[in-house]
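Read the structure below first, then the notes.
The values are calculated or read from the model by the stated rules, or taken from the named source; none is laboratory data. Computed from a predicted structure; not experimentally measured. Quick reminder, even Gly has a Cβ in these numbers, built from the backbone with ideal geometry, and neighbours come from all protein chains shown.
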Amino acid sequence: MNRTRHGEILRRLDFQLQELLGFTTVIFPYAKKQDRLYSLTGLTVERFADPKQRIETGKILYQLLFQNPTVFQGVGQFAKAVHHAGSREEYWKSIFTSETPSAIECKVYSPTLLDAWSDQTFFRLPSIDWFTMESFIEDLQTFPIIKKVDLTNKVLENIQQLKNINKLKSII
């Protein structure tokens, strides 16, 4: 079985490149719009290998989800209404497909999690408390004030950039 350590993933070139290009985005679909697209909120993750940054990312996501009633209710409605298989098709059906797309269809392939990844056995740390540095407590005691951020257009731009990268890659 394939055993992957968390740290190994964070050091992989493809992970670092995707983070550097701003493609590592955590999103919450929250409001259905025209063309069966959901509006998205969330944030672009930076320096995820740094524990303090991971804590900050979690706090920002928490604030984005729970401080705005429109986002909170919309994410809840999405979660209840959609059968979740891990494909982007769930929130942007007119752009993504979980089926192998035809050239005519012009949709971006976004497989389900079961189609994309086989079951993985991950390295398990010994049963010890993850909390070892008291300085992290200070990071957990404050919450940033976050404005509702609509990432819909940014994610659409990222999709176009990825399409262009894939076209370039096929030429090379």
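Please specify each residue of the range 55-100 satisfying the condition of being surrounded by 12 or more Cβ atoms within 10 Å (Cβ to Cβ) and part of a loop (DSSP other than H, G, I, E, B). Those that are surrounded by 12 or more Cβ atoms within 10 Å (Cβ to Cβ) and part of a loop (DSSP other than H, G, I, E, B): 67, 68, 82, 85, 86, 87, 91, 93, 95, 98, 99. Residues that are at pLDDT below 80 and in contact with a helix residue (DSSP H, G or I) (Cβ under 7 Å, 6 or more places away or on another chain) within the range 23-40 comprise 23, 24, listed in sequence order. Counting residues in the range 41-54 that are surrounded by 15 or more Cβ atoms within 10 Å (Cβ to Cβ), among the aliphatic types (A, V, I, L, M), in contact with a helix residue (DSSP H, G or I) (Cβ under 8 Å, 6 or more places away or on another chain) and modelled with pLDDT of 90 or more gives zero.
Confirm whether residue 153 is assigned to a helix (DSSP H, G or I), modelled with pLDDT of 80 or more and in contact with a Gly (Cβ under 8 Å, 6 or more places away or on another chain).
Spelling it out, it is not the case that residue 153 is assigned to a helix (DSSP H, G or I), modelled with pLDDT of 80 or more and in contact with a Gly (Cβ under 8 Å, 6 or more places away or on another chain).
Listed by first and then second residue, the pairs with beta-carbon distance under 8 Å, at least 6 apart or on different chains, first residue in the range 102-120 and closer than 22 Å to residue 164 by Cα and assigned to a strand (DSSP E or B), second polar (S, T, N, Q) and modelled with pLDDT of 75 or more, are 108/97; 109/97; 109/98; 109/100.
Filtering the range 65-76 to residues that are touching a strand residue (DSSP E or B) at 6+ places or on another chain (Cβ under 8 Å) and closer than 28 Å to residue 109 by Cα leaves 65, 71, 74, 75. All of (1) touching a strand residue (DSSP E or B) at 6+ places or on another chain (Cβ under 8 Å); (2) surrounded by 15 or more Cβ atoms within 10 Å (Cβ to Cβ); (3) on the phi > 0 side of the Ramachandran plot hold for residue 36 with one exception: (2).
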